[in-house]
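K.L.:
Right, I'll just put the structure down here and ask away after.
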Amino acid sequence: MNDDLQETIKNAVAESVTIAMKSAMDEFSEVFTSFASQVDARFDAVDDRLDTADTRMDRIELRLDGFEGRFDRLEGRLENLEDSTRGGFDRVNTTLDGIVARLDDDEVERAALTAQMNRHEDWIVEAAPLVRVDYTPGS
């Protein structure tokens, strides 16, 4: 009888342990399912925020592409302006070089005329008494 009692106790303990384990597993399953749902909800919220950020980044990228085109056009306009300005300055420099050359020529010619006039003045000063003309230099 002792063996029957032991077997009965053993079966009762095994059944109690099985029931306790099943209960613990059910509780753990509920806790794990709840935790998984919370994690899923948080990941869904993060996904939504990332989707919003992606949308905003796409709009920013489109705006930057527009700026890039505008900067390219502006750079082209500046290059054209630089070329036309350089051409204008070249024409001004050429004109100024011509004016400076004429001024140099005028200075040389004026110096030659002054030297010639001084020679004439000297000749008149010498010739005036010989032809009996009263002459005062510089008058």
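The values are calculated or read from the model by the stated rules, or taken from the named source; none is laboratory data. No experiment lies behind these values; they were computed from the predicted model shown. Cβ: placed from backbone, ideal geometry, glycine included. Neighbour counts: every protein chain shown.
K.L.:
In the range 68-94, how many are over 28 Å from the mean Cα position of the chain (by Cα) and either among the hydrophobic types (A, V, I, L, M, F, W, C) or modelled with pLDDT of 95 or more (or both)?
P.N.:
The total comes to 2.
K.L.:
Give me the pairs: first residue in the range 123-135 and of a type in the set (Phe, Trp, Tyr), second residue surrounded by 10 or more Cβ atoms within 10 Å (Cβ to Cβ), beta-carbon distance under 9 Å, and six or more apart or on different chains, which are they?
P.N.:
135/124; 135/125; 135/127; 135/128; 135/129
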